[in-house]
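The values are calculated or read from the model by the stated rules, or taken from the named source; none is laboratory data. The structure displayed is predicted, hence computed values, not measured ones. Note: ideal-geometry Cβ built from the backbone for every residue, glycine included; neighbour counts use all protein chains shown. Note: accessible area is taken over every heavy atom of the protein model, side chains too, but ligands, DNA and RNA are not part of it. Shrake-Rupley method; radii C 1.70, N 1.55, O 1.52, S 1.80 Å.
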Amino acid sequence: MYVVCKTKNNHLKSLNDSLEGEVKAFLIDEGQLHTYDDLTKVNPVTPTTVLKCLQARYRAKVFYTHAGCTLVALNPFQPVPDLYSLDVMKEYHCAPQPQESKPHIFIVAEEAYRNVQGQVEPVNQSLVVSGESGAGKTWTSRCLMKYYATVAACSSLLKSQDTVERIEKRVLDSNPIMEAFGNACTLRNSNSSRFGKYIQLQLNRSQLLVGASVQTYLLEKTRVAGQPANERNFHIFYQMMTGGSDEQRREWKMSHDQRFDWLPNAEKTLEEDCFDETVEAMLHLGINAEKQGHIFRILAGLLQLGNVTFCSAMDESQPSLLSYPIDFMQHCASLLCVPVEELQTCLRVRTLRAGKQSALFKPCSLADCSVRRDCLAKVIYAQLFEWLVTFINDSICADNSTWCNFIGLLDVYGFECFQFNNLEQLCINYANEKLQQHFVAHYLKAQQEEYVSEGLEWSFVKYQDNQGCLDLIEGIPTGVFSLLNEECLLNRASDAKQFRVRLEKELSDNGSMSWDKFSKQPHFTVAHYAGKVSYQIEGMMEKNKDPVPPELIYLLKKSENPLLHQLFADRDPVGQGTRGLKQVVTVVSKFKNSLESLMKILHSTTPHYTRCIKPNTDCRPLTFKKEEVIMQLEACGIVETIHISAAGFPISCPVYKQCTVGCLELLEEHRNRVCSQRAFSIQCCWHRYKQRRRHAMRRAVTLIQAGKYRSCDCTDFVLVLQALMDALAEAELDDAEDLQEEAMPPELDPILRARGSVQLSSIQEPVMVRGWPMGLALASAPTITVSMTATGFQKMMSVMACLNGHCFRSGEYKVETNQFKQGVASIRAQPRGSTKLHYQRSPLLYADLHPDHKRDGVTGLNQILLEST
């Protein structure tokens, strides 16, 4: 046994020595490390080699690097000129193979866009941007939105150019509004998102941007009434302080020298404190000056409410007193447009109701008064934020019939670990755990299983699976969330120590949870994928209940501020269900449900991952701290991702590169040739189908027109023929001789007379037209003199019938027949022979529907001569 163990140890030592030698050999040429734009080319792949390459690229001011299926983005903490310009966007969009260009966030965006264009299943795409707070997720999401808006506008048709620009402008204008009302300066990030959002960019069948929608998750509304040390409130309050005009500040009752308890670090100026940009974005989205006035008055009222303080009354049976000065309460009531007396009462007196009994009024303790004040501020701000998101969606969301695919951008709060962590941090880190599980299931696990199913000789790469941590948090019935909800349903005061005992009893077997037995504060520690976080239990149950006293809702319903009244008009103050029972919907329940719906969307789309890395915690430009970076790389599984990508695709590994590049080129060439042939065959079939369909439609139209003309002309011909018979009979029996005294037309050629043709006087030679009926067409002929011959009475009758429609009505035609020269012919005589009329083209093409009787000469259909057969 000793010999076996010694042999195994020697083997492991030799492997470690070999790997260490390979690492040293790779790192010996440090001048070339920054050239590795894809970390799958690194050999060997170890945390040390990956870290060294990223550090070298960061020093060379190269901030994007491929890592298999993911893109690593290092935050430079300073503006980088021309890195995100329009020219750079067009360069990546127009590149034949964007993957061959330098790594950039636009490569990820273009790949997703081309997947939609190619209708690659699943067609809908999701871009998941993850990382710690301050790693650059918000900036990355902003660049992605601008890229898609620009690409859609550049690809638009001329007729829709104005529409696309208007839509993309509104989509981009939603960013500054949501950041102003939802972002704040924290210890880790000057523009930290205090809510999660998933933006769906809606594309039509031509892949043009036609709209967007925004879904938000868990706004940190507690920040409006309490800010951690050295952090700030939401940006919008500081924007009002620095950007409001003198007139606006007077309206808001906000003097220049006034200080607000809920605006710490107001002297700190940030780039995000841009009030004019927020106002302009509101106008573009349709929030007019009147609505803006209502919004800013509400926000100013909340700042005044934060300065309201209380002191204990001499008599405990009396409500707590207001601390002086009391102007803040009056200003708050005036800005919120509520009665000041009722506002004071709601904050200091509790209303108790027991069934149908009369309401009882109980003075609130000093602590309860402060809790009610903070609760009023939180519920107003949360409702206002929700109204803003709804208004933005109404402004930018397209009708369901106009879009068919979407590209989703997910920007959520990063993993957080502070000195004091509570329910907000637990929910935020739970969301990051779910996203990490999605990445593990979609790539690290599924990709390796696919390799095995394809017959590759594969040994599984170990990775950190966070399923145990998720079971700890969301497990039913003994997860942290389930126990929290159960505790909130009990009608008793919350006890942090008792809840800690229950957690320890129920979850002691889970390796992801631990406790510090020497800590005086009740807490529990969770081992997340990104590190251990200790959560304070005190106050967690109350935050989960999120109770709102009914009297506060009743007060806000009475507000004369139109917007504030609208926010609470439909809200049930008591929160009763259909059977009159009070419904308790906890914070973690709502957040868990919304997160599950988000994960369903992500699972139904093609994901693209971008890992934002924070080089240092101090946000100093171009400062790379290896210890902090390596922790982030290990937490999100970057090294394992590179291992799987490099081993699964030999083209990415330098060892196999030379022997596989021919094979790949031949396969690609053959594939392109086959695709071209198939495309040509499809095009031929499509063109043949279109030609046959066009011919069938043309034939059908011709038959329909011929039938229509035949039915109309036959009727006209019968009427014309009857009138002509009557007129000829009268002329023959009464005064046929008078017709001979009129001027005779020139003699016709004997051949024409024998053939029974008709010749118009303006034509040198007869035009032979094979066609009948002629009555409808010649009825609109202009005034002309006609000489004609016909060798048979029926032939003459046919010709006269064609001309009768106009000549006998107008009385301006002189008609002679050769029968008058050869003697009177009786209409009762039986003529010999027959007359047939043919046509080569429809005479309706030449008909003159608006004849001018004063014109000289004839054109068009009036030039037609008939041919006797």
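Per residue, how much accessible surface does region 286-364 expose to a 1.4 Å probe? Answer in Å², no decimals.
52 Å²
Whole percent per 10 Å bin, from 0 to the bin with the longest distance: what is P(r) over all C-alpha pairs of region 299-340?
Pair shares across the bins are 32, 44, 22, 3.
What translational diffusion coefficient, in µm²/s and rounded to a whole number, does the Stokes-Einstein relation yield for region 301-438 at 20 °C and a viscosity of 1.002 mPa s, taking the hydrodynamic radius as the Kirkwood radius over Cα pairs?
111 µm²/s
Give the Rg (one decimal place) followed by the Dmax (whole number) of region 445-519, computed from C-alpha coordinates and expressed in Å.
According to the Cα coordinates of region 445-519, Rg and Dmax are 19.1, 61 Å.
Past the 21 Å Cα-Cα mark, which pairs from Lys221/Lys545; Lys52/Lys146; Lys137/Lys590; Lys545/Lys590; Lys137/Lys625; Lys543/Lys600?
As for pairs spanning more than 21 Å Cα to Cα, those are Lys52/Lys146; Lys137/Lys590; Lys543/Lys600.
Mind checking which of Phe195, Leu209, Phe234 is farthest towards the positive end of region 118-249's charge dipole, using Cβ charges of +1 (Lys, Arg) and -1 (Asp, Glu) about the Cα centre?
The Cα lying farthest towards the positive end belongs to Phe195.
Decide, for region 120-250, between rounded, prolate and oblate: order the square roots of the alpha carbon gyration tensor eigenvalues as a ≥ b ≥ c, take rounded if a/c falls under 1.5, and otherwise choose prolate if a/b is larger than b/c, else oblate.
oblate
Rounded, prolate or oblate: which fits region 84-141, taking a ≥ b ≥ c as square roots of the Cα gyration tensor eigenvalues, rounded meaning a/c under 1.5, else prolate when a/b beats b/c?
Here region 84-141 falls in the oblate category.
Sorted by accessible area (1.4 Å probe), largest first, how do Trp686, Trp515, Trp252 line up?
Ranked from most to least accessible, the order is Trp686, Trp515, Trp252.
State which entries of Lys434/Lys505; Lys169/Lys197; Lys445/Lys505 exceed 24 angstrom in Cα-Cα distance in the structure shown.
The pairs that break the limit, which is 24 Å between Cα atoms, are Lys434/Lys505; Lys445/Lys505.
Tell me, Kirkwood radius of region 304-366 from alpha-carbon pair distances, in Å? Working shown, then result.
Working: mean 1/r = 0.0787 Å⁻¹.
Every distinct Cα pair counted, the radius reaches 12.7 Å.
Bin all alpha-carbon pair distances of region 192-258 at 10 Å intervals from 0 and give each bin's fraction as a whole percent.
Answer for region 192-258: a P(r) of 16, 28, 26, 20, 9, 1 percent.
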